[in-house]
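**Student:** Mind having a look at this structure? Questions to follow.
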Amino acid sequence: MAENTAAGTAERTHDVRLEVNGVTHEVTVPARRLLSDALRHECGLTGTHVGCEHGVCGACTVLVDGRPVRSCLMFAVTAQGSEITTVEGLAEPDGSLNPVQQAFRECHGLQCGFCTPGFLTTVTAGIKENPCPTHEEAREMVAGNLCRCTGYQNIVKAVERAAEIARGDTPSAPAPDGDDGGLEAATGETEVARDDDASTTGLGA
Amino acid sequence: MKPTAFDYARPETLEEAVQALGSHPDAKVLAGGQSLVPLMSMRLAAPALIVDINHLPGLDHVTADASGVRIGALARHADVLASADVRRVQPLVSLALANVAHPTIRNRGTTVGSIVHADAAAEMPMVLQLLGGSVDVVGSGGRRTITADELYVAPLESSLAHDEVAVEAFFPALPAGSGVAFEEISRRHGDYAMCGVAAVVAVEDGRVTSARAGYLSVSDVPTVVDLTDALGGSVDEAALARAAEAALAQLEPETDIHATAAYRAHLAKVLTARVLTAAHDHAREE
Ligand SMILES: Cc1cc2nc3c(=O)[nH]c(=O)nc-3n(C[C@H](O)[C@H](O)[C@H](O)COP(=O)(O)OP(=O)(O)OC[C@H]3O[C@@H](n4cnc5c(N)ncnc54)[C@H](O)[C@@H]3O)c2cc1C
Ligand code: FES
Ligand code: FES
């Protein structure tokens with residue numbers, strides 16, 4: 001990590017090597033560059049979203065050495081030497097959706113999608129650590145991420161469904177592809193649909 | 001907002017870290033950054049030099065033996081919470097840590113960082129004080145141990161010297177015949193609490209021989225109160241009511257945007273009775 005002073009400014013910059021999704025990015029940034037900004041601006045990985053920029057909303061969550069971390073609370077210079085995974089790096093090697101991505105799609109765990117990258121990274125690590133979350137544990141897993149659209153019910157369902165898919169016990173549930181707003185799709189004969197009524201009407205919890 | 005510009009040092013030894021801190025009057029240690037970075041982004045803090053200790057070797061230990069629990073400066077809250085040894089030797093550390101922020105914050109934030117950050121709304125400074133723990137620090141003057149009583153001097157202020165790095169926190173083991181409990185109330189899951197109370201109760205032949213409670217987020221510094229006399233040996237309803245009043249007499253609840261002083265006082269009373277009861281039960285199981 002070399003230091004240099006950028007021409008025309010007094011602010012010193014640092015050459016930092018970031019390992020993101022298995023690819024090395026050599027970036028030159030001032031020490032105050034947040035990891036979230038370095039990922040978006042220097043690496044061009046705009047899947048990592050920035051909401052609050054003080055650790056509360058979770059939109060910027062990435063995996064650092066496999067663990068979910070707020071990228072807005074880390075300086076890019078600190079991240080040299082760590083393996084970073086962003087939402088762009090979650091898909092399977094063949095490009096298909098990972099179990100969490102599949103589950104969010106199946107269960108309509110997103111609407112505008114702003115919060116989604118943070119949920120996907122958090123849950124991807126979460127079900128690795130706890131492959132059989134109870135309903136309570138599924139809620140707890142996403143309790144540190146804010147979503148202003150969904151009302152969370154379908155997100156919690158997606159967590160449970162993602163764990164199912166990852167474990168390989170995939171009871172029926174062909175991924176509903178249609179654009180039916182969630183209600184129709186979630187009334188199939190699946191495990192996912194069963195406790196759905198209260199929540200899809202928005203009257204749950 | 002973004003932090004202001006600062007110089008950055010990434011020492012590889014403790015000596016280098018101490019030297020870097022000494023090199024500038026406005027230098028700050030960066031550990032997990034879960035308190036410091038938001039403060040910098042909101043421009044409530046603007047250090048001239050950041051000394052990033054995240055790459056120092058040998059500071060990420062979490063160990064427990066008969067005397068107590070030792071936590072290195074780079075052990076993340078999540079590492080400490082995951083330790084079964086810690087839970088066995090001093091369960092209050094684990095009980096309190098489960099209430100520190102969310103798992104994602106705990107993956108990065110350090111327990112030692114939280115202790116020296118000295119926030120009266122944080123769990124671990126209060127627990128350190130209630131249990132009579134200590135912190136080991138290394139500075140240009142060498143290594144020294146600071147007891148919790150000497151550590152907290154003012155709101156958000158610890159007695160560390162400017163060039164000192166905290167390297168380890170120590171929490172004494174739970175003695176036989178003692179029990180602990182922790183409860184807090186916050187507006188949202190994982191938020192800082194509006195009021196949190198922990199208790200350590202010792203029981204001998206069915207009688208309470210010692211009872212102490214610690215309070216977070218009630219006054220502007222973490223506060224510990226001895227409730228042994230107020231309980232008078234038992235935890236029946238009358239004794240609990242006396243203890244709650246005695247505790248309140250030594251607290252100065254504050255009003256802020258999260259809760260009024262009166263509501264905090266109410267929470268402190270209710271939670272005092274709850275944790276004393278739970279710690280008493282725990283002591284009898286031990
Ligand atoms: C959304 C959110 C919610 C949170 N909720 C809670 C909560 O409910 N309860 C709670 O207790 N905390 C909470 N925190 C804070 C969290 O626990 C922090 O991890 C902790 O307060 C500080 O640890 P850190 O390692 O991140 O320290 P940093 O942020 O790196 O540092 C904090 C301060 O301590 C100093 N410092 C740190 N380590 C050392 C050291 N080894 N030697 C000398 N000085 C040092 C720094 O210079 C700085 O002044 C929350 C944080 C966020 C972002
Ligand atoms: S942008 Fe990082 S937590 Fe909100
Ligand atoms: S889907 Fe819009 S914020 Fe979550």
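The values are calculated or read from the model by the stated rules, or taken from the named source; none is laboratory data. None of the values given here were measured: they were computed from a predicted structure. Cβ coordinates were reconstructed from backbone atoms using ideal geometry, including for glycine residues, and neighbour counts include every protein chain displayed. Calculation scope for accessible area: heavy atoms of the full protein, side chains included, ligands and nucleic acids excluded. Shrake-Rupley method; radii C 1.70, N 1.55, O 1.52, S 1.80 Å.
**Student:** I want to confirm something. Restricting to the stretch B:8-39 and keeping residues that are open to solvent by less than 70 Å² (accessible area, probe 1.4 Å) and in a strand (DSSP E or B), which single residue is nearest to the other protein chains (Cβ to nearest Cβ)?
**Tutor:** So, considering only residues that are open to solvent by less than 70 Å² (accessible area, probe 1.4 Å) and in a strand (DSSP E or B), the one nearest to the other protein chains (Cβ to nearest Cβ) is B:Tyr8.
**Student:** Scan the stretch B:218-238 for residues that are surrounded by fewer than 19 Cβ atoms within 10 Å (Cβ to Cβ) and over 16 Å from the mean Cα position of the chain (by Cα) and jot them down.
**Tutor:** Within the stretch B:218-238, B:Asp226, B:Thr228, B:Asp229, B:Gly232, B:Gly233, B:Ser234, B:Asp236, B:Glu237, B:Ala238 qualify.
**Student:** If we keep just the residues of the stretch A:106-119 that are in a loop (DSSP other than H, G, I, E, B) and open to solvent by less than 20 Å² (accessible area, probe 1.4 Å), which is farthest from ligand 1 (Cβ to nearest atom)?
**Tutor:** Result: A:Cys107.
**Student:** With B:Pro3, B:Pro57, B:Pro47 as the choices, which residue is within 14 Å of chain A (Cβ to nearest Cβ), closer than 26 Å to A:His54 by Cα and out of contact with any helix residue (DSSP H, G or I) (no Cβ under 6 Å at 6 or more places or on another chain)?
**Tutor:** B:Pro47
**Student:** So, in the stretch A:50-105, how many residues would count as being more than 14 Å from A:Thr116 (Cβ to Cβ), within 14 Å of ligand 2 (Cβ to nearest atom), of a type outside the set (A, V, I, L, M) and part of a loop (DSSP other than H, G, I, E, B)?
**Tutor:** Counting residues in the stretch A:50-105 that are more than 14 Å from A:Thr116 (Cβ to Cβ), within 14 Å of ligand 2 (Cβ to nearest atom), of a type outside the set (A, V, I, L, M) and part of a loop (DSSP other than H, G, I, E, B) gives 4.
**Student:** Could you check, for the stretch A:26-35, whether at least one of its residues is open to solvent by less than 10 Å² (accessible area, probe 1.4 Å), assigned to a loop (DSSP other than H, G, I, E, B) and touching a Phe, Trp or Tyr at 6+ places or on another chain (Cβ under 7 Å)?
**Tutor:** Checking the stretch A:26-35: at least one residue is open to solvent by less than 10 Å² (accessible area, probe 1.4 Å), assigned to a loop (DSSP other than H, G, I, E, B) and touching a Phe, Trp or Tyr at 6+ places or on another chain (Cβ under 7 Å).
**Student:** Any idea how many residues of the stretch B:88-115 are in a helix (DSSP H, G or I) and of a type in the set (Gly, Ala, Ser)? Step through it out loud before you land on a result.
**Tutor:** Here is the first cut: in the stretch B:88-115, the ones in a helix (DSSP H, G or I) are B:88-89, B:91-97, B:103-106, B:111-115.
Of the ones still in play, those that are also of a type in the set (Gly, Ala, Ser) are B:94, B:96, B:113-114.
The qualifying residues number 4.
**Student:** In contact with a strand residue (DSSP E or B) (Cβ under 9 Å, 6 or more places away or on another chain), farther than 26 Å from B:Leu56 by Cβ and within 16 Å of ligand 1 (Cβ to nearest atom), is that true of A:Val69?
**Tutor:** no
**Student:** Hey, does the stretch B:63-76 have a residue that's within 14 Å of another protein chain (Cβ to nearest Cβ), at positive phi and open to solvent by 20 Å² or more (accessible area, probe 1.4 Å)?
**Tutor:** Checked against the condition, which is being within 14 Å of another protein chain (Cβ to nearest Cβ), at positive phi and open to solvent by 20 Å² or more (accessible area, probe 1.4 Å), the stretch B:63-76 yields no hits at all.
The rows are residues; the columns are (1) in a loop (DSSP other than H, G, I, E, B); (2) free of Cβ contacts under 8 Å to residues at least 40 places away in the same chain; (3) farther than 30 Å from A:Phe119 by Cα; (4) touching a strand residue (DSSP E or B) at 6+ places or on another chain (Cβ under 9 Å).
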residue	(1), (2), (3), (4)
B:Leu128	no, no, yes, yes
B:Glu150	no, yes, yes, yes
B:Ala176	yes, no, yes, no
B:Val180	no, no, yes, yes
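**Student:** Identify all residues within the stretch B:126-141 that are over 24 Å from B:Arg212 (Cβ atoms) and open to solvent by less than 30 Å² (accessible area, probe 1.4 Å); write none if there are none. Reasoning before the result, please.
**Tutor:** So the first thing to find is which residues in the stretch B:126-141 are over 24 Å from B:Arg212 (Cβ atoms), and the list is B:137-141.
Within the stretch B:126-141, B:Val137, B:Val138, B:Gly139 qualify.
**Student:** In the list A:Val29, A:Val69, which residue meets the criterion of being β-branched (Val, Ile, Thr) and closer than 24 Å to A:Pro133 by Cβ?
**Tutor:** That would be A:Val69, the only listed residue that is β-branched (Val, Ile, Thr) and closer than 24 Å to A:Pro133 by Cβ.
**Student:** So which residues in the stretch B:77-88 are free of Cβ contacts under 8 Å to residues at least 24 places away in the same chain, more than 14 Å from chain A (Cβ to nearest Cβ) and open to solvent by 60 Å² or more (accessible area, probe 1.4 Å)?
**Tutor:** Residues satisfying the conditions are B:Ala84, B:Asp85, B:Arg87.
**Student:** If you don't mind, another one. For the stretch B:83-109, which positions are away from ligand 2 (no atom under 16 Å from the Cβ), closer than 19 Å to A:Arg70 by Cβ and in contact with a strand residue (DSSP E or B) (Cβ under 6 Å, 6 or more places away or on another chain)?
**Tutor:** B:Asn99
Conditions tested, residue by residue: (1) surrounded by fewer than 13 Cβ atoms within 10 Å (Cβ to Cβ); (2) away from chain A (no Cβ under 14 Å); (3) out of contact with any helix residue (DSSP H, G or I) (no Cβ under 9 Å at 6 or more places or on another chain); (4) farther than 30 Å from B:Pro47 by Cα.
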residue: B:Leu156; (1), (2), (3), (4): no, yes, no, no
residue: B:Asp163; (1), (2), (3), (4): no, yes, no, no
residue: B:Pro175; (1), (2), (3), (4): yes, yes, yes, yes
residue: B:Val200; (1), (2), (3), (4): no, yes, no, yes
residue: B:Asp205; (1), (2), (3), (4): yes, yes, yes, yes
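**Student:** Turning to a different aspect of this structure: Just give me the residues in the stretch A:120-140 being within 12 Å of another protein chain (Cβ to nearest Cβ) and away from ligand 1 (no atom under 16 Å from the Cβ), in sequence order.
**Tutor:** A:Thr121, A:Val123, A:Ala125, A:Gly126, A:Glu129, A:Asn130, A:Glu136, A:Glu137, A:Arg139
**Student:** Could you pull out the residue among B:Arg212, B:Arg274, B:Arg284, B:Arg242 that is in a strand (DSSP E or B) and either among the acidic types (Asp, Glu) or open to solvent by 20 Å² or more (accessible area, probe 1.4 Å) (or both)? Steps first, please.
**Tutor:** Working: B:Arg274 fails: in a strand (DSSP E or B); B:Arg284 fails: in a strand (DSSP E or B); B:Arg242 fails: in a strand (DSSP E or B).
When all the criteria are applied, what remains is B:Arg212.
**Student:** Evaluate the stretch B:97-115: report whether one residue or more is over 18 Å from B:Ser35 (Cα atoms) and in contact with a Ser or Thr (Cβ under 7 Å, 6 or more places away or on another chain). Working first, answer last.
**Tutor:** Step one: filter the stretch B:97-115 for residues over 18 Å from B:Ser35 (Cα atoms), giving none.
So far as the stretch B:97-115 goes, no, none of its residues is over 18 Å from B:Ser35 (Cα atoms) and in contact with a Ser or Thr (Cβ under 7 Å, 6 or more places away or on another chain).
**Student:** Another question about this same structure. Under 6 Å by Cβ, and 6 or more places apart or on different chains, what pairs join a residue from the stretch A:150-171 that is among the hydroxyl-bearing types (Ser, Thr, Tyr) with one that is modelled with pLDDT of 95 or more?
**Tutor:** A:Thr150/A:Gln111
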